[in-house]
Amino acid sequence: MSLFAAYAADAEAPTPDPTPQTASWLHNPSFQIDVTPNTESQNDSVSVSDSPERKKRKKEKKDKKHKHKAHEEEATVTVPQLEEEGFAVDKARNKEFLSVRTIARPSAPRYSIRYFVTNMKVRHRKKFKRYYQQVQKLLDKENSENKEQVITKENVNKLGGSKKDENFAGFKQEEELSQTTASYNRKLTENTHDIKLWLEYVNFQDTVYQFEKTYRKGSIAKGLRVLAERKLSILDKALTYNQNCEELLRERLNVAVSIYPSDELQVQLKSLVDKEQGNIILWQGYIESTQCSMSHCNTPAVLNLYTKCLSVLHKLRRNSSMERAQLEENILKMLYQCGLFLKQAGLFEQLWTLLRLYLELNLSPSDKNKFNIPSSFQEKQLVELEEVVFNSQLPLHELWLRTEKLREACHWLPYTEDGQCEDPQRLVFPEDVSELIHPITMPENTFRLIATILTLLKVPLLSTRHSTMQDLGLDYVPWALDSIESLLSAFLPLFPIDLTNPYLIIDNRLSVGPQYIKVLPGQEEYLDFVLTIMKSCTECLTGDDKTATTVWWLRFQKLLIILDKQNRFKMPQGFSKKIKSSVKNLLKQEENRSNILFYCEYALIEYEQGNLDTCLNIIRTTLSFSSNRVILASSIDEEQTSRCYMYRILIEVYLKAEKNNDALKHLISYVLEKNSVDNVTDDLINQANLKFKHVTLQLLQKDITKLPVTNHFLPNFTIDWIICNGWFLYLTKGPIQCGTFLENILSEMEEKQPGMMYQKEVIYEFYVAVLFKHCVHNPGQGTFKILDEVLSRAIEQYPNNLFLLAVLAKEQSMTSCSGVPWWKLKTLLMKTGRAFPTLFLVLITNQNIVSAQETLIETFTGRKYEISGSQKNRMLALFRRITRPDMCTRRCGLVWRLYLQFIHAYFDPALVRNVYYRAVEECPWLKALYIDAAIYIPAELAQIQDLLIEKQLRLHVTPEELDVLRS
């Protein structure tokens, strides 16, 4: 029944069959066409068209279909099933994948399509290696490795390893590195005791690391660790052949320090120290692992380590008779390092108490008050100055800085007066440092002790030579430089050349109290204190030790006069007259009246004060006291040595005054044993030349031995005679012939005594002075290139020689951009691995900046030249380079202080803060860094004071005391 009545008829009608039986549905009344249906069976449809072309096409299609089907049946391979249900491993080759257009991942191979622009060369892609081929190769390789192979002469080359990929980008470089490594291995196998070759091989690992970092993938930190372990492995092997070699041990320590954290380094070094208690290098590394660690460094902990080290060395010395001298030298080295720590931590009261006890124990055991020198500074003057500061209404950080610096400059001695002391740290008793005191029993170490003490009291070594520093044991501490006093020796003239360099700025603001350079309260008192200590030391000595210390005392006063002339030091009022009177009093003493050396130094002091005639009269009068004697190399005594030295000084004074003819006359009169020469003739020149040659050959035929360190401050006949001969050749034949003569001397000395020697170092100084003097007077004759070559050789061998470095700085200021290129200068000074050359690299760079600012003027504006961005970036890159972990200057306090000063002057204050925290992390014991930071970043004053208190460094005024004084 239908829901609607209108459709009832349709609903009752039967449903027709949907399959059409006839073609009635094709009829259209508007379009008539005759269509007859095809009622033939499918079997008869083949015979509808019997044309030969259709038969041929159908036959080809049928053949292809059957052929493809047969090929698929052959290629079908059953994949073996594993025991686990539903899991199969694809190990067999299945070509079915090649006939399917689309394959689901991960079966589909990965490939990339590249499109090329016209006019470009199309690169055809190599055939891609399918997955199943690689699996098959791996399976074959595993099967072949399991089989034991017999090595024969025929297949030995085939079994050497995997085949090298020549398409690798760094294939040639890798081949060169492999060949170099093989060469080193072969040489080291033949020469296992060649220390220089071992160190070269260790440094070569840096080149290997750079190659791996460029062409290999991996973490940089992991690569550095691998590099360090590789170096340590090489050094350990070298030490098995060369036990107790100082160079190898120091290199191993530097490598370990640069890569291992402080905790791990302490554990390693402690175990090594327990095994070798007499090894001074291991002790230094063990102490520095605590001292240079921000988390572990504090004054009591570090002093306990120094106490333990000195006591162990003293016990070993007492129980040993063979190595007694070496162990005593090690005690002096550790005393120097401990004194440096106390001085840089600001604990000057403890430092002087320690040094005073050493002097009393070893120099004046009978007179205990010999070195008990009271301070001449008036305490009332300090109180008045502090009141002026507190009434000035300055900011808080300025008040703290000025008060701290005032007290630091005035309070360097322990409090010994009656009454209560407001500062408890000034109360230092001998019992506080008694465990650090040990006797020095060897006579040859007495002068070493005095040199150590005077250096700790900020007296520069005069003159500062590399061999002298090494023999005194002052060369091995890279963090010894924290203030400018050690650099003052560069301004002491040794030869008649002008090294005055106003652009080589050594800022006296970098001095640390107590000091004698900058005009501050306590300057004159501290200078008197130091000179009194030196004078008292000479009174307690005898022989060459007394003479050498007295010469040092005289040269120090001469240096002060030179610095005052160059406006680098403000001499206190009346101090110049005081120097002259003290020298005269010295010469009036009975034992000093016949000492020619003292008269010579007095004459040079008169020359520096501007009295040329007085200087010449003193030297001539001194020479008249001794008669001329026959000069024979076989019979050289002290009188002839002194006389030769006096003639050398007289000649150099004449050369300074540009009186070359008078200098030549005195040279001829000396060598020909005449009282005077009126006219210089060719005959006299030839006679003098023959005499010089004869005596020089005799001197070189004798054995050249290493001089004691005391003789470095005294004249030496061989050196002075060679220098006189060199000046004679310079004045008669020119600098080239003089240079040839000196080259022959150096080569013969190297054959007799290879390695570093004091005599060769002085001859290198003279060689450089002769060439520099000629370059100044004849700048256009092309000798600057020879000077650069000789200067480079000399600095490579003797990098701590301040005279050579001063000549290099002066030459750079003269030649400017036409001199040695920057990259060459940087390579020369940084590869030495010493602090002095690296510091001079910074000073020379700053010298060029100051010279440009002072001398250059802008053309259009007329203003002075301002430092450019490239110069700033060069200086910044240099500071970042020399403070890297692999550099010895990363713990040099003076480098960090110069870095902070430069950043504060030219860059953003935020960068100063970053540099300060980096510096404190490397040198947490250095008080001068905290003082400089309070100047440059005053906002960090509270944190700076907290660090000073945490590390227990010397703090003269605390924040609480400052608040009380302000109120």
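The values are calculated or read from the model by the stated rules, or taken from the named source; none is laboratory data. Quantities reported herein were computed from a predicted structural model and do not represent experimental measurements. Note that we place each Cβ from the backbone using ideal geometry, even for glycine, and neighbour counts take in every protein chain shown.
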Tabulated pairs, the stretch 827-847, first touching a residue at least 24 places away in the same chain (Cβ under 8 Å) and over 12 Å from residue 478 (Cβ atoms), second crowded, with 20+ Cβ neighbours inside 10 Å and aromatic (Phe, Trp, Tyr), C-beta under 6 angstrom, 6+ apart or interchain: 847/503
Criterion: touching a Leu at 6+ places or on another chain (Cβ under 8 Å) and either more than 30 Å from residue 493 (Cβ to Cβ) or among the hydrophobic types (A, V, I, L, M, F, W, C) (or both) - qualifying residue of 413, 449, 454: 449
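Listed here are the residues, each with its yes/no results for (1) of a type in the set (Lys, Arg); (2) in contact with a strand residue (DSSP E or B) (Cβ under 6 Å, 6 or more places away or on another chain); (3) over 16 Å from residue 660 (Cα atoms).
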residue	(1), (2), (3)
691	yes, no, yes
709	no, no, yes
733	yes, no, no
741	no, no, yes
772	no, no, yes
Helices (runs of 4 or more DSSP H) (entirely within the stretch 495-594) containing at least 3 residues that are surrounded by fewer than 18 Cβ atoms within 10 Å (Cβ to Cβ), basic (Lys, Arg) and more than 32 Å from the chain's Cα centre (by Cα): 575-588
Residue 608 surrounded by 17 or more Cβ atoms within 10 Å (Cβ to Cβ), in contact (Cβ under 8 Å) with a residue 40 or more places away in the chain and within 17 Å of residue 714 (Cα to Cα): no
Every residue from the stretch 437-465 that is in a helix (DSSP H, G or I) and at pLDDT below 90: 443, 444
Any hit, the stretch 416-425, residues being within 29 Å of residue 920 (Cβ to Cβ) and within 34 Å of the chain's Cα centre (by Cα): no
Within the stretch 387-415, considering residues that are assigned to a loop (DSSP other than H, G, I, E, B) and not hydrophobic (A, V, I, L, M, F, W, C), the one farthest from the chain's Cα centre (by Cα): 391
Some residue of the stretch 297-318 being in contact (Cβ under 8 Å) with a residue 60 or more places away in the chain, outside any helix (DSSP H, G or I) and either touching a strand residue (DSSP E or B) at 6+ places or on another chain (Cβ under 8 Å) or farther than 19 Å from residue 432 by Cβ (or both): yes
Residue in the stretch 466-494 that is nearest to the chain's Cα centre (by Cα), counting only those that are part of a loop (DSSP other than H, G, I, E, B) and farther than 21 Å from residue 337 by Cβ: 492
Residue in the stretch 261-282 that is crowded, with 17+ Cβ neighbours inside 10 Å, within 18 Å of residue 436 (Cα to Cα), of a type outside the set (Val, Ile, Thr) and modelled with pLDDT under 90 present: yes
Among the residues listed as 351, 332, the single one being at pLDDT 90 or above, of a type in the set (A, V, I, L, M, F, W, C), touching a Phe, Trp or Tyr at 6+ places or on another chain (Cβ under 9 Å) and in a helix (DSSP H, G or I): 351
Identity of the residue in the stretch 687-707, charged (D, E, K, R) and in a helix (DSSP H, G or I), that ends up surrounded by the most Cβ atoms within 10 Å (Cβ to Cβ): 691
Residues of the stretch 371-386 satisfying the condition of being in a loop (DSSP other than H, G, I, E, B) and either of a type in the set (A, V, I, L, M, F, W, C) or under 16 Å from residue 523 (Cβ atoms) (or both): 371, 373, 375, 376, 377, 378
From the options 149, 133, residue that is more than 39 Å from the chain's Cα centre (by Cα), within 30 Å of residue 95 (Cα to Cα), of a type outside the set (Phe, Trp, Tyr) and modelled with pLDDT under 80: 133
Residue match in the stretch 320-328 (condition: part of a helix (DSSP H, G or I) and within 22 Å of residue 425 (Cα to Cα)): no
Verdict on residue 598 being in a helix (DSSP H, G or I), in contact (Cβ under 8 Å) with a residue 40 or more places away in the chain, surrounded by 19 or more Cβ atoms within 10 Å (Cβ to Cβ) and out of contact with any His (no Cβ under 8 Å at 6 or more places or on another chain): yes
